[in-house]
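Laboratory data are not the source of any read-out in this text; all were calculated from the coordinates shown. This one's a predicted model, so the numbers in the text were calculated from it and none came from an experiment. No Cβ is skipped: glycine too gets one built from the backbone with ideal geometry, and neighbour counts run over all protein chains shown.
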Amino acid sequence: MKKVYTRPSSLKRNPFHYCPGCGHSIIHRVMTELIDEMNLQERIIGIPPPGCSVFAYYYFDVDMAESAHGRGAAVATGIKRAFPEAIVFTYQGDGDLAAIGTAETIHAANRGEKITAIFINNAVYGMTGGQMAPTTLLDQQTTTTPYGRDVKLEGYPIRMSEILALVEGAVYIERTAVNSPANIRRTKKAIRKALQTQIDDLGFSLVEILSPCPTNWKMSPLEAWQWIDKEMTKQFPLGVIKDTTGDKDAN
Amino acid sequence: MAKVLMTGNSAIGEAAIRAGCQCYFGYPITPQNELTEYMATHLSRRKGCSFVQAESEISAINMVYGASLAGVRVMTSSSSPGISLKQEGISYLAACELPAVIVNMSRGGPGLGSIVASQSDYFQATRGGGHGDYRTIVLAPSSVQELADLTHHAFALADKYQIPVIILGDGMLGQMMEPVEFKHEAPEELPIRSRALRGAKGRPSRIIKTFTSKPTELEEINWSLYRRYQLIKKEETSCETFLVEDAELIVVAFGIAARIAKGAIKNARTDGLKVGMLRPITLWPFPSAKVEELANGTKHFLVFEMNMGQMIEDVQLALAGKGEVSFYGRPGGVIPTPSEVFRVVSRLYYQKGLK
């Protein structure tokens with residue numbers, strides 16, 4: 001009988017600690033499948049952030065190092081500059097990449113650093129208990145926007161991928177989601193392309209993934225999947241945001 | 001090789017390259033810019049090397065963290081306000097036992113302060129500086145030659161103890177020119193540390209981290225760091241003494257202040273005053289045993305610093321009441337002259353009735 005489903009060899013045998021319905025486990029699974037398929041286990045280095053996915057190294061069977069909050073792009077820059085043969089990815093949340101680490105992210109992209117950012121957008125600070133993130137939707141209730149995010153007081157949900165698309169050193173940016181089998185397949189395809197962009201030495205690549213956080217959204221996993229379609233994608237439309245990898249002068 | 005005339009900042013850069021420094025990450029701030037510029041000119045195009053002018057000091061230190069993870073010799077430099085920003089990264093380097101060399105050509109503070117030489121970062125440098133229970137080795141050169149020598153030594157110490165090493169200079173040392181001789185040639189092959197992250201090839205995957213949900217695990221990490229710090233105290237404490245054998249009064253000063261004090265002591269000796277000097281070269285570990293030993297010869301100590309009195313606390317701790325400690329300091333970037341210090345020394349000498 002043909003085996004059609006198995007644990008990727010770069011995924012450790014540890015049960016996920018993530019909440020039921022959380023997107024991290026799906027994304028870890030997709031990424032470790034790709035690490036196997038693209039034969040990267042021996043040369044990839046991952047930089048997980050503080051937050052729920054700080055324990056990513058319990059699951060990824062590849063070299064990894066913790067980063068200070070928001071500094072992933074700078075740490076990845078240091079690794080890649082010191083050891084250009086490595087394939088380096090950061091794994092960052094919305095608070096990490098789009099609030100405290102905005103400067104690091106934009107400037108790494110602008111230098112065209114050959115690194116890949118996996119940007120998990122779940123519209124809240126997850127591990128700290130569901131506070132407002134830079135990507136929290138208008139009217140969305142969080143522990144620090146108990147009356148709903150009010151544009152007059154808390155500003156707008158930031159579209160970081162669109163901002164990064166204006167940066168010339170960023171050559172591939174796509175926004176996907178992990179709220180349906182079809183979207184999970186698209187996510188895998190996007191991450192493959194982002195890693196390939198780095199392997200081909202073309203520049204900075206990023207995949208933004210809309211990812212459910214049922215615990216902090218106070219929804220069932222199914223409601224969370226539906227909320228991504230109904231609400232999140234209105235502010236954060238899915239699709240390729242920038243792709244200049246085919247341009248000859250892409251750095 | 002023959003001596004060359006160089007600024008202190010440039011001498012650090014040249015010494016770092018000759019020590020096999022492969023990566024440098026910096027951000028402009030006065031009075032250390034000549035070092036960043038030296039690395040842009042001399043390191044950035046070197047084979048296998050990398051230079052980045054970062055978007056902030058925070059980014060620069062995190063790039064240092066990344067390059068150190070990848071196992072290469074790496075350096076950053078800044079001056080006081082920039083060093084404050086780097087403290088987050090220095091804490092992570094210390095926590096993850098990653099070697100790095102961090103240069104602070106310090107200036108007057110607090111706040112934006114001034115751009116001229118000061119020694120007011122002593123506490124920050126010698127007490128860890130960032131969050132958590134850690135120390136860094138702190139080297140305090142007092143001449144351009146010593147800047148070069150200690151830069152070379154700093155890389156060796158960082159690798160030996162897997163620890164960040166701070167070179168605490170000041171704006172005057174950084175910007176003055178002196179003849180300097182480089183005693184080492186740049187290595188042909190750049191060293192790669194054994195515990196580096198370079199992909200899990202032919203070995204199990206490796207994790208560099210401190211975060212844990214088990215307090216006892218983190219407690220053990222702290223104990224392990226502590227044991228290493230005890231070893232460093234035993235093995236690496238270093239200082240210079242000057243005319244202490246018959247001294248009735250001993251001046252304790254570090255860095256550029258020691259240079260000024262030396263001039264004052266020479267004048268005092270001409271006048272027949274028996275004055276000597278202790279100059280700590282490692283500020284951490286502090287040469288406490290030497291201070292204690294000197295207290296067998298005289299009870300009178302004068303601590304002279306270009307700040308409001310910071311190292312004085314280490315001198316008092318070392319003496320544990322066995323000596324009398326006076327203080328003279330000029331904060332804010334004011335640079336006292338040897339004759340000013342000589343007046344302070346001679347007044348104290350006569351006040352105490354020393355012969």
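Details
- Most positive-pole-ward Cα, A:Asn179, A:Val167, A:Gly155, against dipole of the range A:144-195 from beta carbon charges: A:Asn179
- Global geometry of the range B:157-310, whether rounded, prolate or oblate, following the gyration tensor of its Cα atoms and the 1.5 cut on a/c: prolate
- Whole-number Å³ per residue for the convex hull built on Cα positions in chain B: 141
- Estimated FRET transfer efficiency (B:Ser224, B:Lys355; beta-carbon r; R0 45 Å; 0.05): 0.30
- Förster radius 35 Å - calculated FRET efficiency between B:Thr30 and B:Phe211, Cβ distance, rounded to 0.05: 0.45
- Averaged over the residues of B:17-25, the number of partner chain Cβ atoms lying within 10 Å of the residue Cβ comes to 1.
- Ordering B:His300, A:His69 from the fewest to the most neighbouring beta carbons within 10 Å gives A:His69, B:His300.
- Note on A:Met38 and B:Ser339: the model spin-label points, each 7 Å out from Cα along the C-beta direction, lie 7.0 nm apart.
- Note on the protein assembly as shown: semi-axes of the ellipsoid equivalent to its C-alpha gyration tensor, largest first and rounded to whole Å, are 52, 24, 22.
- Each semi-axis of the equivalent ellipsoid for chain A is √(5λ) with λ an eigenvalue of the Cα gyration tensor; in descending order they amount to 26, 22, 17 Å.
- Under 22 Å from the Cα of B:Lys262 - lysines, other chains or at least 8 residues apart: B:Lys274, B:Lys290, B:Lys299, B:Lys352, B:Lys355
- Counted residue by residue at 0.36 nm each, then reduced by the alpha carbon distance between them, the extension gain from B:Ala156 to B:Ser44 reaches 38.1 nm.
- Per principal axis, descending, Cα span of the range A:1-103 in whole Å: 52, 35, 17
- The range A:110-251, Cα convex hull volume normalised per residue, Å³: 109
- Computed E for B:Asp271/B:Glu293 - FRET, C-beta separation, R0 30 angstrom, nearest 0.05: 0.65
- Spin-label proximity, A:Thr245 to the range A:144-180 - amide N less than 13 Å from point 7 Å beyond Cα toward beta carbon: A:171-175
- Length added when fully stretched, A:Asp229-A:Tyr147, from 0.36 nm per residue minus Cα-Cα: 27.2 nm
- Full-extension gain in nm, A:Met127 to A:His17, via 0.36 nm per residue minus C-alpha separation: 38.4 nm
- Net charge in the neighbourhood of A:Asn14 (other residues with Cβ under 14 Å of its Cβ; Lys, Arg +1, Asp, Glu -1) is +3.
- Candidate lysines - alpha carbon under 24 Å from A:Lys218, same-chain residues fewer than 8 apart omitted: A:Lys230, A:Lys234
- Links that overshoot a 31 Å alpha carbon limit, given the list A:Lys80/B:Lys160; B:Lys183/B:Lys322; A:Lys80/A:Lys189: B:Lys183/B:Lys322
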